[in-house]
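**Student:** Got a structure here, written out as structure tokens. Questions coming.
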Amino acid sequence: MSDVVPHDSRLIWVQPEWLADAKRWIRARLAERGIALTGEIEQPHVRWWSTVMRVPTNEGDLWFKANAPPHAFEAALLATLQRLGTGRVPDLVAVDQPRGRLLMRDGGRRLRELVHSSADLAHWEELLQTYADLQLAVAPHADDLLAAGVPDRRLAVLPSQLERLLDDPEALLLGRPEGVTPAERDRLRALIPEFARACSELAAYGIPETLQHDDLHDGNVFVRDGAYVFFDWGDSCVSHPFHTLVVTFRALAHRLGLPPGGPDLLHLRRIYLEPFAPYGSSEELVEAADVAHFTGTAARTLAWHQYVSAREPEFRADDPEAVPYGLRRLLHLGPIGSWD
């Protein structure tokens, strides 16, 4: 379920007091459910934004996850989705919403182990429609998701969020070697009216805003008992559903060497759009998806700004180029799947 990475000794996740408390919480939740621990709890994943522990039990491996504050809403979100009975998300054993903790059953086999080339895209054909069905099922409950703390990146709020970002020279790394140049910021500010019109144009199609994973790639999809399960919702938001494709297609193009805007990605986009047929013809949905490629590129950049700015100062330098990179993508959009 996860890759071993070096532990950063500054992180709270590796402090003895935090680890002892987390393991007490895990053992207490197991005892409440009559589940027996059968080995040592291991910690294979430690990053700024989260940690994951493997918990071996008599019911198979369970997985504990704790999120940093900007992503801690994932616990409340998954509890909400479990209550709604959506399926296709992690099977929760226990949840601590105030502390952003989750104890989940194993997700199965990671999609990354199954998809190695364009010859394997049948997996993506099926899972994209499954994911679209999930988005449509959840759409009537968007207010519940916002109440659970899921970030609001609906079309109506994006233009003002972009304006605020462009007024933050520290986030832009303005004038620094890896940052946005003053000339680029001027071009971005001049783009805001066009961006606001694009948001209004996309909203006019009437496609309901809903849960948007915002990090849907082959490392966050698992196959369990023949069904696709979507993990790692800590980057998600309530937004236009088509914004998902920005990250998904970048990841597919990068990992599988698919040409941006090429036939494979265009085919997968058509497949994803099919469940949205009640909201327009295939031509209208493609038009909407083209607009969403623009608005979603900005939305992903706004997400990065939120996550990076919420970090402790000593960790903000870990991704210095994230926001400038996203803003440059907005200036040089390119076809779907463009990432370099």
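The values are calculated or read from the model by the stated rules, or taken from the named source; none is laboratory data. As the structure is a prediction and not an experimental result, all values here were calculated from the model. Cβ sites come from the backbone with ideal geometry, for glycine too, and all protein chains shown count toward neighbours. Protein only, heavy atoms only, side chains kept; ligands, DNA and RNA dropped before computing areas. Shrake-Rupley method; radii C 1.70, N 1.55, O 1.52, S 1.80 Å.
**Student:** Out of all the residues in segment 248-290, which are open to solvent by less than 20 Å² (accessible area, probe 1.4 Å) and in contact with a His (Cβ under 9 Å, 6 or more places away or on another chain)?
**Tutor:** T248, F249, L252, A288
**Student:** Go through (1) small (G, A, S); (2) closer than 28 Å to P90 by Cα; (3) not in a helix (DSSP H, G or I) one by one and return the number of the condition G261 breaks.
**Tutor:** That leaves (2) as the condition not met.
**Student:** Would you point out the residue of segment 1-33, among those that are assigned to a loop (DSSP other than H, G, I, E, B) and open to solvent by 90 Å² or more (accessible area, probe 1.4 Å), that is modelled with the lowest pLDDT?
**Tutor:** Filtering first and then ranking leaves V4.
**Student:** Condition (residue is of a type in the set (A, V, I, L, M), in a strand (DSSP E or B) and either modelled with pLDDT under 95 or open to solvent by less than 60 Å² (accessible area, probe 1.4 Å) (or both)) applied to segment 194-213: is it met by at least one residue?
**Tutor:** Checked segment 194-213: at least one residue is of a type in the set (A, V, I, L, M), in a strand (DSSP E or B) and either modelled with pLDDT under 95 or open to solvent by less than 60 Å² (accessible area, probe 1.4 Å) (or both).
**Student:** What are the residues in segment 61-84 that are at pLDDT below 95, open to solvent by 10 Å² or more (accessible area, probe 1.4 Å) and outside any helix (DSSP H, G or I), if any?
**Tutor:** none
**Student:** So which residues in segment 85-101 are within 19 Å of Y228 (Cβ to Cβ) and at pLDDT 95 or above?
**Tutor:** R88, V89, P90, D91, L92
**Student:** While we're here: Based on what the data block shows, is E274 part of a helix (DSSP H, G or I), farther than 17 Å from L134 by Cα, in contact (Cβ under 8 Å) with a residue 60 or more places away in the chain and not basic (K, R)?
**Tutor:** So E274 fails the test.
**Student:** Next question, about the same structure. Inside segment 141-177, can you point out the residues that are under 21 Å from the mean Cα position of the chain (by Cα) and without any contact (Cβ under 8 Å) to a residue 40 or more places away in the chain?
**Tutor:** Within segment 141-177, D143, A147, V157 meet the criteria.
**Student:** Would you check which residues across segment 97-112 are assigned to a loop (DSSP other than H, G, I, E, B) and open to solvent by less than 10 Å² (accessible area, probe 1.4 Å) and list them?
**Tutor:** Passing the criteria: G100, G107.
**Student:** Determine whether V180 is crowded, with 18+ Cβ neighbours inside 10 Å and over 22 Å from D235 (Cβ atoms).
**Tutor:** Yes, satisfied.
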